[in-house]
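The values are calculated or read from the model by the stated rules, or taken from the named source; none is laboratory data. As the structure is a computational prediction, the values presented were derived from the model and not from experiment. All Cβ positions, even for glycine, are placed from backbone atoms using ideal geometry, and neighbour counts span all protein chains on display.
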Ligand SMILES: CC(C)(COP(=O)(O)OP(=O)(O)OC[C@H]1O[C@@H](n2cnc3c(N)ncnc32)[C@H](O)[C@@H]1OP(=O)(O)O)[C@@H](O)C(=O)NCCC(=O)NCCS
């Protein structure tokens, strides 16, 4: 620690601003999520995931021709090198898809001739290569681990439609594709959350964007972050019926467990994304003739909030993972793919942050993130540390 910097203890950096950013504003008290000046509610209702990617990367919404060019550019990058499929085929089929995604993502470098070369146009190429490639890897892994043939991308389809097509081998119906596209819009960006901070921290070392994104995928895989949607579904299955909710919550809270999908480090109100996802989950459950998962979620949310308040004397609210779990499940998506779905979307936000970290000169940020830590280890005398010889240990 530099002598001139006074240490401030703030466990987990809560409430500490570590840089400036123009990408996203999360107003936790006001229930507002804003991507580059646009409210999430407006974006979810009016624009596609591709438009959001353009907005995050190019700092404004695209004009018609710009969007067409951008869509074309993403489509050109959907086809990933054959040796990535060969790599996936040699992996044990029970490997967690997030681990697979984290390992395979840097292999996309092969499509990138200018990796690491300075120039905003080069890193934008990489960002698009990652957005397109991560979706292909995820779909391919689902097919390969189930001993099915990999499906080539269909360039007549949007990003959301094409992902579902590569996953299932059939084109999705319009409503499923629309809900999936909206869920990609909702998951795209969320300021300095754990995985984005990971990406920025890696980028601050001047490591390249593939390295930063692979690290962010690792961060996202954790149960307290993007892994929560998988745990929400596990919890819903364990509960199984509405009449078992009370007992389940009681046992969970009494044993110090967490109701997954509730609580957030920033929001002190319901997460605006959960509010948009809830009716989508309900509708998708009806379409799939599986209303149980939404019904269970709704009751669990109500009862969980009440029980938490009684126990902790404070409010708790649903987060993005709460209703995305039942939504994705009703779409027929395998539960352990829920976190990769998060990554397929969030890669756009991570990439925008890596670009801001490495290229935006105006925004105040450290040249390298390097926080301190309060040392609470063994005391070393004021004068000198004494080494313990082998015979004295
Ligand atoms: C997301 C999360 C880490 C945010 O944490 P936070 O606001 O910093 O709150 P803390 O972790 O400091 O928790 C404060 C207290 O509430 C409890 N709490 C927080 N979320 C809880 C939950 N979902 N269920 C039960 N108790 C919870 C904590 O155990 C802690 O109790 P304590 O004071 O007795 O130690 C936390 O709410 C959580 O673990 N949620 C479940 C996982 C999840 O859904 N993650 C996805 C986030 S988008």
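Of the residues in segment 104-158, how many are part of a loop (DSSP other than H, G, I, E, B), touching a helix residue (DSSP H, G or I) at 6+ places or on another chain (Cβ under 7 Å) and modelled with pLDDT of 95 or more?
9
Answer yes if at least one residue in segment 254-268 is in a loop (DSSP other than H, G, I, E, B), surrounded by fewer than 22 Cβ atoms within 10 Å (Cβ to Cβ), away from the ligand (no atom under 16 Å from the Cβ) and not assigned by TED's automatic domain parsing to the domain that holds residue 25, and no otherwise.
No, segment 254-268 contains no residue that is in a loop (DSSP other than H, G, I, E, B), surrounded by fewer than 22 Cβ atoms within 10 Å (Cβ to Cβ), away from the ligand (no atom under 16 Å from the Cβ) and not assigned by TED's automatic domain parsing to the domain that holds residue 25.
Given the conditions (1) away from the ligand (no atom under 16 Å from the Cβ); (2) more than 28 Å from residue 135 (Cβ to Cβ), report the number of the one that residue 11 does not fulfil.
It is condition (1) that residue 11 fails.
Is it the case that some residue within segment 141-150 is outside the structural domain of residue 284 (by TED's automatic domain parsing) and under 20 Å from the mean Cα position of the chain (by Cα)?
Looking through segment 141-150, at least one residue is outside the structural domain of residue 284 (by TED's automatic domain parsing) and under 20 Å from the mean Cα position of the chain (by Cα).
Listed residues 289, 254, 250; which is at positive phi and without any contact (Cβ under 8 Å) to a residue 60 or more places away in the chain?
Only one candidate passes the filter, namely 289.
Condition test on residue 212, is it away from the ligand (no atom under 12 Å from the Cβ) and under 25 Å from residue 108 (Cα atoms)?
So residue 212 fits the description; yes.
Looking at (1) assigned to a helix (DSSP H, G or I); (2) exposed (fewer than 13 other Cβ atoms within 10 Å of the Cβ), find the lone condition where residue 93 falls short.
Failing condition for residue 93: (1).
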